[in-house]
1. Is there a simple number for the mean count of other chain Cβ atoms within 10 Å of the Cβ of residues in A:357-364, and what is it?
2. I'd like to compare A:286-294, B:86-94: which one has the highest average count of other Cβ atoms within 10 Å, and what's the full order after that?
3. Can you list residues whose amide H is under 5 Å from B:Lys333's amide H, if they're 5+ apart or on another chain and H is modeled 1.01 Å from N?
4. Taking chain B as a Gaussian network, Cα atoms linked when under 10 Å apart, which of B:Ser135, B:Ser217, B:Ser230 shows the biggest mean-square fluctuation?
5. For the ranges B:151-159, A:124-132, what's the packing order if you count other beta-carbon atoms within 10 Å of each residue, average per peptide, and put the highest first?
6. Once phi is turned into θ = phi - 60°, what whole-Hz ³J(HN,Hα) does the Karplus curve with 6.51, -1.76 and 1.60 give for every residue of segment A:215-230, x standing for Gly and Pro?
7. If R₀ is 51 angstrom, what is the calculated FRET efficiency for the pair B:Tyr221 and A:Asn262, using the beta carbon separation as r and rounding to 0.05?
8. Taking 0.36 nm per residue of sequence separation and subtracting the Cα-Cα distance, how much length would be gained by fully extending the chain between B:Asp38 and B:Thr158, in nm to one decimal?
There are 2 protein chains.
Amino acid sequence: MMQDKQYLMIPGPTPVPPVVMAAMSRPIIGHRTDEFADMHRRIVERLQVVFQTKNEIFVLTHSGTGGMETAIANTVEPGDKVLALVTGNFGERFAKIAREYGADVDEIQFGWGKCVDLKAVEEKLSANSYKLVLSTQNETSTGVTNDIAGIGALVGRTPALLLVDGVSGVGGIEIKMDQWSVDILVTASQKSMMLPPGLAMVAVSPKAWQIIEKNRSPRFYLSLPAARKSYEKWNTAYTPGVSLFAGLDTALDMMMAEGMDNVYARHKLLARAARAAVRALGLELYVPEDSYASPVITAVKSPGGINGDDIRKVLKNEFGVTFAGGQGIMKGKIFRIAHMGFSDKMDIMIAISALEMALARIGHPVELGKGVKAAQQVFLGGNE
Amino acid sequence: MMQDKQYLMIPGPTPVPPVVMAAMSRPIIGHRTDEFADMHRRIVERLQVVFQTKNEIFVLTHSGTGGMETAIANTVEPGDKVLALVTGNFGERFAKIAREYGADVDEIQFGWGKCVDLKAVEEKLSANSYKLVLSTQNETSTGVTNDIAGIGALVGRTPALLLVDGVSGVGGIEIKMDQWSVDILVTASQKSMMLPPGLAMVAVSPKAWQIIEKNRSPRFYLSLPAARKSYEKWNTAYTPGVSLFAGLDTALDMMMAEGMDNVYARHKLLARAARAAVRALGLELYVPEDSYASPVITAVKSPGGINGDDIRKVLKNEFGVTFAGGQGIMKGKIFRIAHMGFSDKMDIMIAISALEMALARIGHPVELGKGVKAAQQVFLGGNE
């Protein structure tokens, strides 16, 4: 492979647009300056458009898991009853963090590759009294997007807070924080937001603040009250990643220029093309049901007893293309193609044409060009 | 189209690898320093590997046409007899520059899309006495690569100097300056050398120096004797483009790491795949003959009375892919796909899959995926 000819298609970190890289290469600015405060305000005002919220949004200098822990550390005290809606690896992680802070976690496992079943949630909520409900917007380990609107409608009727891990989805999949009654929404820089890792964004509802202010769990760097105090003057409690803020400022320029509706439509189109291609090649989608398949990542079952990691090795070594492997129980059994953030039609062409060649190289029967054709037809509007 | 999702496939300027961009972003250095001299020496030593020469190579701060004029301005005086071997637009330009300096130019037009016919050259050389012979290594206007070894064998037997425009080819197509009796070889930064425009490289044989030293045509910035004087101390006569030198240093690192044989093989493979795809799609190659088809650019006849520029508009607007149009007499009649410099297999997948979609969009009958398949088969070794 030629140096620098690399196509990163994992669900974070994702490729960063050159214009964002250039913004991050500008001279470092001090964080106690008007210049930083102006940039901070601009960032938050546009994140509110992305999150569809009037709530405060804290841009915190750690990666996505730090954002999830921020949500938990500020709301959970030992013995609190928490309902965790688990659809894969990241749902499990959210529950694990809650347990770490002493929560009594009631975990519903919907099964890998499945989405949250609203009836099961409704039953649990009517039979129990929870302080928190944890859900994952986009489960990257399986390629499932959960119905946050539906979950929010149920949780919003109870005193419980709805905490949503939107790490991989926000910015690529629509979310309406206020309308859907989400109380804490977490995302991170390195997925659909088109930045390198290093920032988490945490939005907090008024209902959540009532719990947060009373919370006595240990928290210092992850303290939301500390963050709120500095936020009033568009400052931060601790030293922020100023280069990443500059990059976020520019990434939001790009997203606003494209228009969020167009951003969401683009991701849906890419997923539709990827899924059409996988089907045309006679491969099996890990999430066969289209209605809750993720717009930002497509998981595919490795065919014919082949270890998915062997396909990934050929893709990487011969074509410079990096897919993600399976996680946890699905290791080696699936591979995952991210089309998240800085991704467009030609990335699907690259992914599918390389996949076809990798399968042929490994000896799996494949009709070259057939998957590409199916994706092309989606792009041309042939099967809309 | 998403911002920054652009695929530039014109024959210069060509895409620049990120590692080269990063090198050019380093702090500017002074040009009268040991640091610059060390870099200059490193650059020339490795350019000698690329040019396959022991001759001095001058890295001059102007673009390719400036390099061609440097070759002419230092060798031509009014009334000099010059033989110009013309196979397209750039061959015509070389002849035009010679006339500008008062040369009596004898021009053989081999026809667009054709290569230099050695028999015609041999006849001219035996019937006339020329001071210079001008040839183009790679004619980007048509996608033809001329047989410089063959031309050099003929010219080397005469007192004439052989001046070769290697602007688009050197670094992507093998050339053996010394063995093939090339007296002045010119290339530029923005083609197969993977840099932005702004540098020309001019290598000069001992036979050429005898003419250059006697030359009395006006030349100051383009003076090779002035360049030679500074070159002895790894300096330059005038202010050099230091950032481009830093980029060239890194581009040469990449080329040496890949190995020049691999670089040349990669370009041949890309051309073979592009040509197989074009044929599979039922389109007509502008240069049907494989033996002199360019390894770095493929010209295609626009099909079915469609103006090639209309195909190019769809490619650019809908897929972010930029092909070159036809030049001169071929404007609107052909389009040209460059696979030059920082280009690899996936770029061919992008070019061909986008071309298929653009043709379908315009209403030209095309079997989607068929061109991609033909290119994939070349990459998999199926029709080697």
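None of the figures in this text is laboratory data; all of them are computed from the coordinates on show. Here the structure is a predicted model, which is why all the values come from computation and not from measurement. Here the Cβ is made from the backbone with ideal geometry for all residues, glycine too, and neighbour counts use every protein chain on show.
1. That works out to 2 on average.
2. Answer by packing, highest mean first, reads B:86-94, A:286-294.
3. Amide H neighbours of B:Lys333: B:Gly308, B:Gly326.
4. B:Ser230
5. Descending mean neighbour count gives B:151-159, A:124-132.
6. Those phi angles translate into 5, 10, 5, x, 6, 10, 4, 8, 6, 6, x, 4, 4, 5, 4, 6 Hz.
7. With R0 = 51 Å, the Cβ-Cβ based efficiency is 0.55.
8. Taking 0.36 nm per residue and subtracting the Cα distance, the gain is 39.4 nm.
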